[in-house]
Amino acid sequence: MKDSHVSEMRAFNRFYTSLAGVLSRKFLNGKFSLPELRVLHAIAYAPGITAGEIVPLLRIDKSYLSKIIIRFEKRKFLTKKVSSDDGRAYRLALTSLGRREFAVYDRLSDDYVRQILTQLPDRDCEVLVECMRKITGILEGVRL
């Protein structure tokens, strides 16, 4: 590995986080931060997931996740049921209100990406997506 690889990866990370708007206090000019939306996404796509399963999935701090879950409970976005496997853990699921709220942001996210991709020729979109697949394949085995 060369020092230039480190510089290039960091430069790409800065570029992409800026383009994706992930540093905004409220993602997509909405009510939620990106970490909050990622938690909603995890629960939406894996009903019954536990907080303990979300922590490594999102690489999120346990106490931060706990605060997010409490906020979502207060807003009636999710339900918690004691796990039959482990009485100390709770299975999380979105309520109908939580699913509706998530659906709004899921559509907004799709629209945001669509706005980016429509500015590119079809061939560039194909190349970009293939590069993303390659990046994912290379990095998915990395553990920190």
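Bear in mind these aren't lab numbers, they're just calculated from the coordinates by the rules spelled out. Bear in mind the structure is a predicted one, so any value in this text is a computation, not a measurement. Cβ atoms come from the backbone with ideal geometry, glycine included; neighbour counts cover every protein chain shown.
A few notes on this one:
- Within the range 116-144, being part of a loop (DSSP other than H, G, I, E, B) and over 19 Å from the mean Cα position of the chain (by Cα) holds for THR118, GLN119, LEU120, PRO121.
- Only one of LEU94, LEU65 that is over 26 Å from GLU140 (Cβ atoms), in contact with a Pro (Cβ under 9 Å, 6 or more places away or on another chain) and surrounded by 15 or more Cβ atoms within 10 Å (Cβ to Cβ): LEU94
- Of all residues in the range 98-126, those satisfying the criterion of being surrounded by 12 or more Cβ atoms within 10 Å (Cβ to Cβ) and not charged (D, E, K, R) are GLY98, PHE102, ALA103, VAL104, TYR105, LEU108, SER109, TYR112, ILE116, LEU117, LEU120, CYS125.
- Complete set of residues in the range 21-40 that are touching a residue at least 60 places away in the same chain (Cβ under 8 Å) and buried (at least 16 other Cβ atoms within 10 Å of the Cβ): PHE27, LEU28, PHE32, LEU37, LEU40
- Restricting LYS62, LYS80, LYS76, LYS31 to those that are in contact with a Gly (Cβ under 8 Å, 6 or more places away or on another chain) and of a type in the set (Lys, Arg) reduces the list to LYS76.
- All of (1) of a type in the set (A, V, I, L, M); (2) out of contact with any strand residue (DSSP E or B) (no Cβ under 6 Å at 6 or more places or on another chain); (3) touching a residue at least 40 places away in the same chain (Cβ under 8 Å) hold for LEU94 with one exception: (2).
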